[in-house]
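For reference, the structure discussed in these notes is given below.
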Amino acid sequence: MKVHVNSRICAGFGICLGIAPEIFELHDDGYAVVRVSEVKPEDEDAMRRAVSQCPAQAISLSEASSQ
Ligand code: SF4
């Protein structure tokens, strides 16, 4: 699974950082960025929570293509 943040609509609430600080970090310009290219299976539930709790609905998930 991959996770994306749309930096144009992220409002910098930081809720995603509270849920998964190892995956999201706050950019100097005040929006969240994703630190990992691939979400580990054990983090997928946290990603779904981040998607549902992001007030700006800026987070989206996609299935990574398996090689
Ligand atoms: S929860 Fe959503 S709006 Fe808040 S920092 Fe994360 S992506 Fe941005």
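The values are calculated or read from the model by the stated rules, or taken from the named source; none is laboratory data. Just so you know, these numbers come straight off a predicted model, no measurement behind them. A quick note on method: Cβ atoms are made from the backbone with ideal geometry, for glycine too, and the neighbour counts reach across all protein chains shown. Keep in mind that these areas ignore ligands, DNA and RNA; they rest on the heavy atoms of the full protein, side chains included. Shrake-Rupley method; radii C 1.70, N 1.55, O 1.52, S 1.80 Å.
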statement: Here, trypsin sites (Lys or Arg not before Pro) of the chain satisfying both criteria (DSSP loop; at most 12 other Cβ within 10 Å) are ARG8, ARG35
query: ALA32's amide H: which non-local residues (gap 5+, or another chain) put their own amide H closer than 5 Å, with H modeled 1.01 Å from N in plane and none for Pro or chain starts?
result: GLY12, HIS27
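Contour minus end-to-end for VAL51 and VAL36, with contour as 0.36 nm per residue of separation and end-to-end as the Cα-Cα distance? Before the final figure, lay out each step's value.
Details: separation 15, 0.36 × 15 = 5.40 nm, distance 1.60 nm.
So the chain would gain 3.8 nm between VAL51 and VAL36.
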query: Taking a probe of 1.4 angstrom, what is the accessible area of ILE9 in Å², to the nearest 10?
result: 80 Å²
- prompt: Based on the alpha-carbon gyration tensor of the chain and its eigenvalue square roots a ≥ b ≥ c, which shape applies: rounded if a/c is under 1.5, prolate if not and a/b is larger than b/c, or oblate?
  reply: prolate
- prompt: In the stretch 1-54, which GluC sites (Glu not before Pro) are in a loop and have at most 13 other Cβ atoms within 10 Å, using DSSP for the loop call?
  reply: GLU22, GLU38
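Rounded to the nearest whole Å², what accessible area per residue is found for the stretch 2-62 with the 1.4 Å probe? Mind dumping the intermediate values first?
On the way: 3760 Å² over 61 residues.
For the stretch 2-62, the per-residue accessible area is 62 Å².
Which percent of the accessible heavy-atom area of the stretch 2-62 goes to carbon and sulfur, probe 1.4 angstrom? Walk me through the numbers on the way to the answer.
On the way: 1750 of 3760 Å².
Ligands and nucleic acids excluded, carbon and sulfur give 47 percent.
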